[in-house]
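Structure record follows, encoded as structure tokens.
The values are calculated or read from the model by the stated rules, or taken from the named source; none is laboratory data. Quantities reported herein were computed from a predicted structural model and do not represent experimental measurements. For neighbour counting, all protein chains shown are included, and Cβ atoms are generated from backbone atoms with ideal geometry for every residue, glycine included.
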């Protein structure tokens, strides 16, 4: 395998994992701590990547982080937009589809899955 083939593989992998420039207008961060992974965060992360790509949302970066201390609400993801930040909990790939369509594409927060400040203090 030569250097050009390696570059092509890297570019393809970056595109498939939805790695975007840091100037992205919107950002989704999925918590991938041990508790999140045990609760199903990996399929949630994959669903965000797939759904963002399907929707053609070029202004969205999908990334991951470690534990954020909301173990009882895992899988958890934070959606950052110019309108503000929202933390979603108890996520599933099906719920991700709705978040991508309604929140990321249309700008409407999906209040059914939002973790309130009271729940964060539990």
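Any chance you could count how many residues in the range 79-91 are surrounded by fewer than 19 Cβ atoms within 10 Å (Cβ to Cβ) and closer than 21 Å to residue 24 by Cα? Let's see the steps before the verdict.
So in the range 79-91, the residues surrounded by fewer than 19 Cβ atoms within 10 Å (Cβ to Cβ) come out as 80-86, 90.
Still in the list and also closer than 21 Å to residue 24 by Cα: 80-86.
Within the range 79-91, residues that are surrounded by fewer than 19 Cβ atoms within 10 Å (Cβ to Cβ) and closer than 21 Å to residue 24 by Cα number 7.
Name the residues in the range 101-117 that are within 15 Å of residue 55 (Cβ to Cβ) and under 15 Å from the mean Cα position of the chain (by Cα), would you? Give the derivation first.
Narrowing the range 101-117 to residues within 15 Å of residue 55 (Cβ to Cβ): 101-108, 110.
Those that are within 15 Å of residue 55 (Cβ to Cβ) and under 15 Å from the mean Cα position of the chain (by Cα): 101, 102, 103, 104, 105, 110.
Being touching a helix residue (DSSP H, G or I) at 6+ places or on another chain (Cβ under 6 Å) and either modelled with pLDDT of 70 or more or within 21 Å of residue 106 (Cα to Cα) (or both) narrows it down to one residue among 46, 18; which is it?
Details: 46 fails: touching a helix residue (DSSP H, G or I) at 6+ places or on another chain (Cβ under 6 Å).
That would be 18, the only listed residue that is touching a helix residue (DSSP H, G or I) at 6+ places or on another chain (Cβ under 6 Å) and either modelled with pLDDT of 70 or more or within 21 Å of residue 106 (Cα to Cα) (or both).
Could you check how many residues of the range 64-77 are in contact (Cβ under 8 Å) with a residue 40 or more places away in the chain and either in contact with a helix residue (DSSP H, G or I) (Cβ under 6 Å, 6 or more places away or on another chain) or farther than 21 Å from residue 116 by Cβ (or both)?
Within the range 64-77, residues that are in contact (Cβ under 8 Å) with a residue 40 or more places away in the chain and either in contact with a helix residue (DSSP H, G or I) (Cβ under 6 Å, 6 or more places away or on another chain) or farther than 21 Å from residue 116 by Cβ (or both) number 2.
So which residues in the range 41-52 are in contact (Cβ under 8 Å) with a residue 12 or more places away in the chain and out of contact with any strand residue (DSSP E or B) (no Cβ under 9 Å at 6 or more places or on another chain)? Don't jump to the end; show me each part of the working.
Step one: list which residues in the range 41-52 are in contact (Cβ under 8 Å) with a residue 12 or more places away in the chain, which gives 41, 43-49, 51-52.
Passing the criteria: 43, 46, 47, 51.
Identify all residues within the range 80-93 that are touching a helix residue (DSSP H, G or I) at 6+ places or on another chain (Cβ under 8 Å) and over 15 Å from residue 114 (Cα atoms); write none if there are none.
Filtering the range 80-93 down to residues touching a helix residue (DSSP H, G or I) at 6+ places or on another chain (Cβ under 8 Å) leaves 81, 86-93.
Across the range 80-93, the qualifying residue is only 93.
Given (1) at pLDDT 95 or above; (2) closer than 18 Å to residue 108 by Cα; (3) assigned to a loop (DSSP other than H, G, I, E, B), where does residue 75 come up short, assuming only one miss?
(2)
For the structure I just gave you, tell me whether residue 30 is at pLDDT 95 or above, part of a helix (DSSP H, G or I) and under 13 Å from the mean Cα position of the chain (by Cα).
So residue 30 does not fit the description; no.
Of all residues in the range 101-115 being touching a residue at least 40 places away in the same chain (Cβ under 8 Å) and touching a strand residue (DSSP E or B) at 6+ places or on another chain (Cβ under 8 Å), which is surrounded by the most Cβ atoms within 10 Å (Cβ to Cβ)? It would help to see each step written out before you state the result.
Just the residues of the range 101-115 that are touching a residue at least 40 places away in the same chain (Cβ under 8 Å), to begin with: 101, 104-105, 115.
From what is left, the residues that are touching a strand residue (DSSP E or B) at 6+ places or on another chain (Cβ under 8 Å) are 104, 115.
On the way: 104: 22, 115: 19.
Filtering first and then ranking leaves 104.
I'd like the full set of residues that are touching a residue at least 12 places away in the same chain (Cβ under 8 Å) and either under 14 Å from residue 45 (Cβ atoms) or part of a strand (DSSP E or B) (or both), limited to the range 78-96.
Answer for the range 78-96, where residues must be touching a residue at least 12 places away in the same chain (Cβ under 8 Å) and either under 14 Å from residue 45 (Cβ atoms) or part of a strand (DSSP E or B) (or both): 78, 79, 80, 81, 86, 87, 88, 91, 92, 93, 95, 96.
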